[in-house]
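So that we are looking at the same thing, I have put the structure below in structure tokens.
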Amino acid sequence: MNKQNSLSKKKSGKTIKKILIYLLLTLAVLFYLFPIYTAVNTSLKSNQELAYGPVSIVKSPEFSNYKDAFLKIDRPMFNSFVITLFATVISSCLGAWCGFGFSKLKFKGSSLIFLVVVLGFYIAPQSILIPLLRFIGSIGLYNTYWGLIITHTAYGMPITTLLFRNHFETLPNEVIESARIDGCNYFGTFFRIALPLSLPGFAVVAIFQFTNIWNEFLYGLLLTQGTNSQPLTVAIANLKGTTVASWNIQMAGVIISVLPVLLAYIFFLKLIVKGLLMGSVKG
Amino acid sequence: MSKKIQILLFILPAIVLVGLFVYGFTAYTVQVSLTSWRDVGFGGTFVGLDNYIRLFTTDRVFKTSLINTLKLTAIFIGVTIPLGLLLAVLLDLKIKGRSIFRLIFLLPLSFSFVASAAMWTWMFSPNIGSINAFLRAIGLEALTQPWITSEEQAIVCIAIAYIWQFSGFSTLVYYAGISGVPPEISEAAKIDGASTFQRYMRVIIPMQKPATLTVLMILLMYSLRVFDLVWLMTGGGPGTSSEILSTFMYRTAFNRNRFGYGASIGTIMFVLSVIIIIPFFLKLRRSEYE
């Protein structure tokens with residue numbers, strides 16, 4: 001009898017704990033999803049329905065909002081694709097190249113140089129903005145794709161080098177040594193041995209860079225003017241100023257702008273998590 | 001080609017790019033900060049430490065920016081670290097749908113700050129925004145707030161948006177740290193009769209010091225460099241009540257074209273960055289020689 005009592009007590013205690021756990025999880029889910037819900041909900045409302053407020057669920061979805069928003073941001077979206085693509089590819093390749101050097105071709109002082117390179121990641125961008133604008137202007141790249149591609153590549157170097165160095169550290173040195181014995185110089189070793197083995201690393205770094213560059217705002221704001229080479233983030237920010245109070249169009253634009261990275265998170269979460277952890281924990 | 005030259009060629013792109021764009025540019029900023037350079041053209045005269053003296057003695061907006069940066073940092077980190085730890089522990093418990101929960105917690109990380117700023121401006125808009133609309137709908141009209149239109153609440157609103165956007169990162173690092181605790185240790189505590197709660201409080205969480213150090217460093221760095229959220233949610237307003245260092249620097253240098261003065265704020269931000277990374281640097285050096 002007694003035993004049964006304490007067993008059921010234990011059981012009800014467990015149930016309470018379970019309820020508490022799921023309650024906390026639900027609260028967290030509400031916190032994270034409510035803004036996304038209102039954004040999507042608002043983006044589908046007609047101007048008329050918007051007058052009833054953003055929270056009540058949309059009755060007759062107005063998909064034309066997305067078309068309207070897209071027409072306002074199509075050029076910047078194209079710009080962002082070009083800039084992100086080139087900057088991601090170039091900075092990933094340079095990261096692989098330098099990461100290999102810092103991992104497999106160590107010499108006295110190379111770990112110190114590596115540290116100085118990586119620490120570049122932690123400097124607040126405000127301390128370089130004035131010379132950056134001047135430099136990009138003086139080489140004639142203000143308001144061009146290449147101005148932003150070079151900027152993103154340069155400021156991506158610390159993190160891509162770090163990620164690739166950490167990746168190459170997992171390759172045994174013997175692999176490199178045996179290639180040397182077979183008569184490869186360092187370049188041959190890199191292209192024939194290390195590079196093919198670094199494809200998983202490439203996936204992590206490329207997706208890390210893609211998400212960062214796609215979402216970047218400050219350099220785009222500083223280095224472009226008008227829609228010619230303006231990235232999507234700047235265009236989205238401008239939607240606010242140009243269209244009076246049309247929150248539905250603005251939210252549709254926001255949803256369109258986050259889709260590429262959102263989809264990357266959903267489909268490549270493992271790679272993204274790996275990149276975030278490698279970039280920070282092993283920093 | 002000699003070995004040395006080959007090695008040099010491998011690390012040259014990093015040295016040149018980071019050397020010029022980070023360290024060279026920073027040096028240039030420091031140099032500009034000692035001049036009165038403003039408006040178009042180039043130059044300005046050498047004024048020594050005048051810009052810094054003005055910042056620290058007479059500039060009220062700078063003081064506000066500094067205090068706001070600290071406030072934002074305190075709220076942001078004060079919430080993000082415990083929240084991340086809590087969510088990581090919850091994920092670590094035997095729960096159904098763990099991967100869905102994890103995805104939801106990480107989802108805001110995929111949003112650009114620009115997108116979050118737009119969404120949260122909409123949330124915090126006092127008349128038609130989602131939060132006040134929601135409060136009215138459930139009959140809590142009395143709890144509605146002026147949010148971002150109020151001098152007192154603006155910086156808190158920005159902090160909430162920042163927490164929403166970035167807390168997934170600390171959840172992620174803690175979750176990785178907790179998953180990395182060897183099962184034998186957890187089992188041993190179980191055998192000793194520790195409850196689940198005790199096991200986390202006495203064994204697993206105290207083992208998360210490295211994770212905490214990592215999170216702290218990254219969050220500190222991000223709270224110094226946050227720009228988009230403030231720029232787009234409040235524009236530093238109402239008035240200058242929510243101005244922070246990064247937006248104040250940008251406004252001074254590029255909207256008012258006071259490059260010398262802006263450069264001195266940029267230099268101060270560089271110094272703050274260095275102060276933040278010193279512990280990180282020490283930790284790295286230590287692990288390098290271990």
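Restrict the check to segment A:68-79 and report whether at least one residue is touching an Asp or Glu at 6+ places or on another chain (Cβ under 8 Å) and more than 10 Å from chain B (Cβ to nearest Cβ). Before the answer, list the steps.
First, pick out the residues of segment A:68-79 that are touching an Asp or Glu at 6+ places or on another chain (Cβ under 8 Å): none.
Checked segment A:68-79: no residue is touching an Asp or Glu at 6+ places or on another chain (Cβ under 8 Å) and more than 10 Å from chain B (Cβ to nearest Cβ).
Let me ask something additional. Within segment A:184-195, does at least one residue satisfy the condition of being modelled with pLDDT under 95, farther than 14 Å from A:LYS104 by Cβ and not hydrophobic (A, V, I, L, M, F, W, C)?
Here is the first cut: in segment A:184-195, the residues modelled with pLDDT under 95 are A:184-195.
With farther than 14 Å from A:LYS104 by Cβ added as a condition, the list becomes none.
No, because not a single residue in segment A:184-195 is modelled with pLDDT under 95, farther than 14 Å from A:LYS104 by Cβ and not hydrophobic (A, V, I, L, M, F, W, C).
Given the criteria at pLDDT 95 or above, hydrophobic (A, V, I, L, M, F, W, C), part of a helix (DSSP H, G or I) and farther than 24 Å from A:MET278 by Cα, does A:PHE86 qualify?
Numbers: at pLDDT 95 or above: yes; hydrophobic (A, V, I, L, M, F, W, C): yes; part of a helix (DSSP H, G or I): yes; farther than 24 Å from A:MET278 by Cα: no.
It is false that A:PHE86 is at pLDDT 95 or above, hydrophobic (A, V, I, L, M, F, W, C), part of a helix (DSSP H, G or I) and farther than 24 Å from A:MET278 by Cα.
Moving on to the next point. Pick out, from segment A:109-169, the helices (runs of 4 or more DSSP H) lying fully within it that include 3 or more residues that are more than 20 Å from B:TYR250 (Cα to Cα) and at pLDDT below 95.
Details: elements: A:110-119, A:129-138, A:145-169.
Those helices (runs of 4 or more DSSP H) span A:110-119, A:145-169.
Yes or no: A:ASN215 free of Cβ contacts under 8 Å to residues at least 60 places away in the same chain, of a type outside the set (A, V, I, L, M) and either in contact with a Gly (Cβ under 9 Å, 6 or more places away or on another chain) or within 8 Å of chain B (Cβ to nearest Cβ) (or both)?
Working: free of Cβ contacts under 8 Å to residues at least 60 places away in the same chain: yes; of a type outside the set (A, V, I, L, M): yes; either in contact with a Gly (Cβ under 9 Å, 6 or more places away or on another chain) or within 8 Å of chain B (Cβ to nearest Cβ) (or both): yes.
Criteria met by A:ASN215.
Can you tell me which residue among B:LEU219, B:LEU213 is touching a residue at least 40 places away in the same chain (Cβ under 8 Å), within 11 Å of another protein chain (Cβ to nearest Cβ), assigned to a helix (DSSP H, G or I) and surrounded by fewer than 18 Cβ atoms within 10 Å (Cβ to Cβ)? Write out each step before concluding.
Numbers: B:LEU219 fails: surrounded by fewer than 18 Cβ atoms within 10 Å (Cβ to Cβ).
Of the residues listed, the single one that is touching a residue at least 40 places away in the same chain (Cβ under 8 Å), within 11 Å of another protein chain (Cβ to nearest Cβ), assigned to a helix (DSSP H, G or I) and surrounded by fewer than 18 Cβ atoms within 10 Å (Cβ to Cβ) is B:LEU213.
OK, next. Would you pick out the residues in segment A:95-109 that are at the interface with another protein chain (Cβ under 7 Å from one of its Cβ atoms) and either of a type outside the set (Gly, Ala, Ser) or within 22 Å of the chain's Cα centre (by Cα) (or both)?
We begin by selecting, within segment A:95-109, every residue at the interface with another protein chain (Cβ under 7 Å from one of its Cβ atoms); these are A:97-98, A:100-102, A:105, A:107.
Residues satisfying the conditions are A:TRP97, A:CYS98, A:PHE100, A:PHE102, A:LEU105, A:PHE107.
Please work out which one of (1) farther than 23 Å from A:MET278 by Cβ; (2) aliphatic (A, V, I, L, M); (3) surrounded by 23 or more Cβ atoms within 10 Å (Cβ to Cβ) is the condition A:ILE181 fails and give its number.
Only one criterion is unmet by A:ILE181, namely (3).
Using the structure shown, decide if B:SER246 is more than 13 Å from chain A (Cβ to nearest Cβ), modelled with pLDDT of 90 or more, surrounded by 18 or more Cβ atoms within 10 Å (Cβ to Cβ) and out of contact with any strand residue (DSSP E or B) (no Cβ under 8 Å at 6 or more places or on another chain). Reasoning before the result, please.
Details: more than 13 Å from chain A (Cβ to nearest Cβ): no; modelled with pLDDT of 90 or more: yes; surrounded by 18 or more Cβ atoms within 10 Å (Cβ to Cβ): yes; out of contact with any strand residue (DSSP E or B) (no Cβ under 8 Å at 6 or more places or on another chain): yes.
For B:SER246, the condition - more than 13 Å from chain A (Cβ to nearest Cβ), modelled with pLDDT of 90 or more, surrounded by 18 or more Cβ atoms within 10 Å (Cβ to Cβ) and out of contact with any strand residue (DSSP E or B) (no Cβ under 8 Å at 6 or more places or on another chain) - is not met.
Identify, from the list B:PHE105, B:PHE46, the residue that is touching a residue at least 12 places away in the same chain (Cβ under 8 Å), out of contact with any His (no Cβ under 6 Å at 6 or more places or on another chain) and within 28 Å of A:PHE210 (Cβ to Cβ).
Working: B:PHE46 fails: within 28 Å of A:PHE210 (Cβ to Cβ).
Matching residue, one of B:PHE105, B:PHE46: B:PHE105.
Only one of B:SER99, B:SER112 is facing chain A (nearest Cβ under 9 Å), of a type in the set (Ser, Thr, Tyr) and under 30 Å from B:PHE197 (Cβ atoms). Can you tell me which? Let's see the steps before the verdict.
On the way: B:SER112 fails: under 30 Å from B:PHE197 (Cβ atoms).
None of the other options fit; the residue is B:SER99.
Out of segment B:57-90, which residues are more than 24 Å from the chain's Cα centre (by Cα) and either within 14 Å of chain A (Cβ to nearest Cβ) or part of a helix (DSSP H, G or I) (or both)?
Initial filter on segment B:57-90 (more than 24 Å from the chain's Cα centre (by Cα)): B:57-59, B:90.
If the condition is that a residue be more than 24 Å from the chain's Cα centre (by Cα) and either within 14 Å of chain A (Cβ to nearest Cβ) or part of a helix (DSSP H, G or I) (or both), then B:THR57, B:LEU90 are the ones that fit.
So which residues in segment B:44-68 are of a type in the set (Gly, Ala, Ser) and surrounded by 12 or more Cβ atoms within 10 Å (Cβ to Cβ)? Show your work before the answer.
Of all residues in segment B:44-68, those of a type in the set (Gly, Ala, Ser) come to B:44, B:48, B:65.
Within segment B:44-68, B:GLY44, B:SER65 meet the criteria.
Continuing with this model, one more query. Does segment B:182-203 contain any residue that is within 10 Å of chain A (Cβ to nearest Cβ), without any contact (Cβ under 8 Å) to a residue 40 or more places away in the chain and buried (at least 22 other Cβ atoms within 10 Å of the Cβ)?
No, there is no match, as no residue in segment B:182-203 is within 10 Å of chain A (Cβ to nearest Cβ), without any contact (Cβ under 8 Å) to a residue 40 or more places away in the chain and buried (at least 22 other Cβ atoms within 10 Å of the Cβ).
What do you reckon, is A:LEU195 outside any loop (DSSP other than H, G, I, E, B), more than 11 Å from every other protein chain (Cβ to nearest Cβ) and surrounded by fewer than 23 Cβ atoms within 10 Å (Cβ to Cβ)? Working first, answer last.
Working: outside any loop (DSSP other than H, G, I, E, B): yes; more than 11 Å from every other protein chain (Cβ to nearest Cβ): yes; surrounded by fewer than 23 Cβ atoms within 10 Å (Cβ to Cβ): yes.
Yes: the conditions hold for A:LEU195.
Does segment A:18-39 contain at least one residue that is buried (at least 19 other Cβ atoms within 10 Å of the Cβ), touching a helix residue (DSSP H, G or I) at 6+ places or on another chain (Cβ under 6 Å), among the polar types (S, T, N, Q) and within 26 Å of B:LEU90 (Cβ to Cβ)?
Taking every residue of segment A:18-39 in turn, at least one turns out to be buried (at least 19 other Cβ atoms within 10 Å of the Cβ), touching a helix residue (DSSP H, G or I) at 6+ places or on another chain (Cβ under 6 Å), among the polar types (S, T, N, Q) and within 26 Å of B:LEU90 (Cβ to Cβ).
Among the candidates A:GLY53, A:GLY120, which residue alone is of a type in the set (Gly, Ala, Ser), facing chain B (nearest Cβ under 9 Å), touching a helix residue (DSSP H, G or I) at 6+ places or on another chain (Cβ under 8 Å) and closer than 30 Å to B:ILE5 by Cα? Walk me through how you get there before you give the answer.
Details: A:GLY53 fails: closer than 30 Å to B:ILE5 by Cα.
After ruling out the rest, the residue left standing is A:GLY120.
The values are calculated or read from the model by the stated rules, or taken from the named source; none is laboratory data. None of the values given here were measured: they were computed from a predicted structure. Every residue, glycine among them, receives a Cβ derived from its backbone with ideal geometry; neighbour counts consider all protein chains shown.
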